[in-house]
Amino acid sequence: MSKTVKDAIETIPTDEINSISLSLVRSEILTKVIEYCKKHNSAQMSDVDLMDWDVEFANVHYTTLFDLVLSANYMNINCLLDLVCGKIADMIKGKTPGEIAKLFDIKDVSTYEEDN
Amino acid sequence: MSNQKKKHFQIEAFKHKVVMDPKYPDKTWKILEDAIHEIYNHNASGLSFEELYRNAYNMVLHKFGERLYSGLVATMTVHLKDIAQSIEAAQGGSFLEELNRKWNDHNKALQMIRDILMYMDRTYVPSARKTPVHELGLNLWRENVIYSSQIRTRLLNTLLELIHSERTGEVIDRGIMRNITKMLMDLGPSVYEHEFEKHFTNVSAEFYQVESQRFIECCDCGDYLKKAERRLNEEMDRVSHYLDPETEKKINKVVEEQMIENHMLRLIHMENSGLVNMLCDDKYEDLGRMYTLFRRVTDGLLKIREVMTSHIRESGKQLVTDPERLKDPVEFVQRLLDEKDKYDKIINLPFNNDKSFQNALNSSFEYFINLNPRSPEFISLFVDDKLRKGLKGVNEDDVEVTLDKVMMLFRYLQEKDVFEKYYKQHLAKRLLSGKTVSDDAERSLIVKLKTECGYQFTSKLEGMFTDMKTSQDTMQGFYASHPDLGDGPTLTVQVLTTGSWPTQSSITCNLPAEISALCEKFRSYYLGTHTGRRLSWQTNMGFADLKATFGKGQKHELNVSTYQMCVLMLFNNADKLSYKEIEQATEIPAPDLKRCLQSLALVKGRNVLRKEPMSKDVVEDDAFFVNDKFSSKLYKVKIGTVVAQKESEPEKQETRQRVEEDRKPQIEAAIVRIMKSRKQLDHNNLIAEVTKQLQSRFLANPTEVKKRIESLIERDFLERDDNDRKLYRYLA
């Protein structure tokens, strides 16, 4: 499911692959990711139940959500990425900038740097 | 939401700190650059995928994608330039191998690099509209290696040289060729075409031009075709092994053009081995090869067909106008059938049953068969021969086959009504002399004619068969009602309906007393049951069986014509008779009588009469005696059977005249039919319609049709329009 991991295994030829380091991913987050992947790989539940499970899964604190986004992006897991981004998008929908800042605890909204 | 500055959100990134010092991008890039070097130097195993991936990921995330990308381009280019140099340095044979090896290396490296830089490929590349990594790698290879001036031409030349060697019989390494061409194809759709294919087809064209010229000077047609076929197969084989499938049709076209199209006519007309020779000698294999090869080329088959047609027409024309051949009609027709068989086989096997060839054959046959006006007569004679004796002992299926073949020739005839006339004559003779081999065969042929030409054609012929049957019944009835005639001569009468049978002039002669009495009895019997009919004896068509005892006591049974019977019976009452006496007594017309006496007295082995003087001709002053010295090994002796012969000139003219006469009412009937339905029609169209209607019987002569129109106008069936002289109107 994770393309990055897949490539890691396949691309660089090493005699034995004991471990692949994922230094950008915290262990708690990795646990959640693994949980997600296992659930979706087994495909024992029906589509409707799976969707319910996904909703449950994404019902976490926003910091966890952000971490999940980054991890899914890094590890190249499209379905997880879609799920979590969707959840964040839902949270943002219909709110004013002020409300969003409050929701996500963003300080110093008025001062920021422009990115190139 | 109006603010001067644009707002956008920055999601707080990692919880752990990322070093954001200014040297960050350089350091990170260095790591990646080194990795790329290692990869190209086959040292990839020491690298950690995840580390490199992460670094590339970070660079892109922190907006250093541009740096990363341009770095990649630069690094790759450097490596590729090195590679190009090493390939250029390769000597002779190893040039292709080196190229191939380096290409494989490059591909492997490229894949690794792409995987490492996957994140950049996914995000930076599309948004900055750059070429994706894989494609970039191919493009750089193309620009730096393939298009390098030295390599470019050298590559092409090497490939072409190898192909040339293979063509001249050497074995080359096809695997490498395969890889190289595949490389060219992978580099872009037009690369293969421009770097290789274009030149390949040009060089091939030159090669085959030279080769075909060489071959055609020294080979005969069959050999040349074999060589051409082989070359074509070779090229197909070549394509399937190491060229792009798209090249197949291009190279085929080249070979076809050079080897076949350019020399088509020369091959066909080659002396002693060209198409005509192949046809004459039934060279099926060569013909088949020529057919399949020429089919690939425009107009190839057309040319073959043209030459074949003119050949058949020419040889057919010679056949039907050769006076030697025309002496024996049966042989003549048999030759025609043999020719047809021969060409049917040729078209069937090597020419693949090609319909257009079949049509050409049919039109040729139609053309030359009708060149000889006697063809209808001859075909009828052929049938006559078969039905008299030719089909004796032949089983049913073979009979059908023969008759079907005859029908084929019949279809080619334009003057079918002439055939009908002769056929009627010959059939009459066969039926009356009882000389037909098989009743079933006769009827089968009638059925075929009916299917072909309709009921009209055969109604009279069928009438003849009916008359024969009816006569049998009549005879049974006659003898049943006259039991007292059991001792006398046995009479068998065939009553012929006048309309059905070919008309003959009937001059009766004097029958011997016994016979004429018997005939009268029959006449009254017949007219008793069929009042209102008229019977006239056709004494020139009958025959008789006589029992004769000669001087030394030898007994024979003689089978003779009616006329001959009359003559012989006279000798029951006299030993010597002069010509004049015979003539007076029998009243047989002079020419018939002369022929009759000739057959009785002057034919060796059949001379039951003796003539004095022993001259060859019968003249008025001759005297005749019974030949007491007559002997024959057989008990039953047949004298002078009337066999259907080729007509003599005057007879021929007469028949033709009758045919012409018969056509007139048919033409008139057609004209009236057409005008009645159209009410009015102009001259040209009328002629066309009439010709079409009569086509199945004969070819209408426009002059004759015009005469018939005039005649109908005179008789007030049609009228001419007052304003337009060419327009006719129907008068009810």
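Things worth noting here:
- Degrees separating the helix B:439-453 axis from the principal Cα axis of chain B, which is the longest one: 60 degrees
- Cross-link partners for A:Lys39 among the aspartates and glutamates, with Cα-Cα distance under 20 Å and sequence neighbours closer than 8 places in the same chain left out: A:Glu28, A:Asp47, A:Asp49, A:Asp52, A:Asp54, A:Glu56, A:Asp67, A:Asp82.
- Think of the protein assembly as shown as a dipole: +1 on every Lys or Arg Cβ, -1 on every Asp or Glu Cβ, centred on the Cα centre; then among B:Pro702, B:Cys453, B:Ala480, B:Ala480 lies furthest on the positive end.
- Peptides B:221-232, B:180-191 ranked from most to least packed give B:221-232, B:180-191, packing being the mean of other C-beta atoms within 10 angstrom over each peptide's residues.
- Among the listed pairs B:Lys416/B:Lys726; B:Lys63/B:Lys130; B:Lys405/B:Lys638, those with a Cα-Cα distance over 27 Å are B:Lys416/B:Lys726; B:Lys405/B:Lys638.
- Rounded to the nearest 20 debye, the dipole magnitude of chain B is 1500 debye, with +1 charges on Lys and Arg beta carbons, -1 on Asp and Glu beta carbons, and the Cα centre as origin.
- Fully extending the segment from B:Lys253 to B:Ala590 would add 113.3 nm, taking 0.36 nm per residue of separation and subtracting the current Cα-Cα distance.
- Candidate cross-link partners of B:Lys521 among the lysines, defined by an alpha-carbon separation under 25 Å and a same-chain spacing of 8 or more, comprise B:Lys469, B:Lys547.
- Each semi-axis of the equivalent ellipsoid for segment B:273-398 is √(5λ) with λ an eigenvalue of the Cα gyration tensor; in descending order they amount to 30, 17, 12 Å.
- Estimated dipole of segment B:302-396 in Debye, rounded to 20 [Cβ of Lys and Arg +1, of Asp and Glu -1, Cα centre]: 80 debye
- Nearest-ten-degree value, helix B:24-40 long axis tilted from longest Cα axis of chain B: 50 degrees
- Peptide B:114-123 is shielded by partner chain Cβ atoms: per residue, an average of 3 of them sit within 10 Å of its Cβ.
- Note on B:45-58: average number of Cβ atoms from other chains within 10 Å of each residue's Cβ is 5.
- Per-residue mean of foreign Cβ neighbours for B:484-493 is 0 (Cβ atoms of other chains, 10 Å radius).
- Sorted largest first, the spans of the alpha carbon positions of the protein assembly as shown along the three principal axes are 160, 68, 67 Å.
- Residue (of B:Gly274, B:Leu187, B:Asn252) at the positive-pole extreme of segment B:172-283, dipole from beta-carbon charges: B:Leu187
- Label-zone membership for segment B:258-279, site B:Asp220, 7 angstrom Cα→C-beta point, backbone N under 11 Å: B:271-274, B:277-278
- Total charge dipole magnitude, the protein assembly as shown, about the Cα centre, Cβ charges on Lys, Arg, Asp, Glu only, Debye to nearest 20: 2640 debye
- Of all lysines in the structure, those lying under 17 Å Cα to Cα from B:Lys198, and not within fewer than 8 positions of it along the same chain, are B:Lys182, B:Lys249, B:Lys250, B:Lys253.
- Here each label is just a point 7 Å from Cα along the line to Cβ, and for B:Glu234 and B:Leu491 those points are 9.1 nm apart.
- Between B:Lys580 and B:Arg174, the modelled label-to-label distance comes to 10.5 nm, taking each label 7 Å out from Cα in the direction of the beta carbon.
- Alpha carbon centroid spacing (whole Å) that separates segment B:359-377 from segment B:332-346: 13 Å
- Relative contact order, percent, chain B [alpha-carbon distance under 8 Å, six or more residues apart]: 6 percent
- Packing, taken as the mean count of other beta carbons within 10 Å per residue, orders the peptides B:151-160, B:718-727 from highest to lowest as B:151-160, B:718-727.
- Taking the average, over residues, of other Cβ atoms within 10 Å as the packing measure, peptides B:617-624, A:3-10 rank A:3-10, B:617-624 from highest down.
- Using the Cβ-Cβ distance between B:Asn723 and B:Asn701 with R0 set to 30 Å, the FRET efficiency works out to roughly 0.55.
Throughout, read-outs are computed from the coordinates displayed, never taken from laboratory work. As the structure is a computational prediction, the values presented were derived from the model and not from experiment. We place every Cβ from the backbone using ideal geometry, glycine too, and count neighbours over all the protein chains shown.
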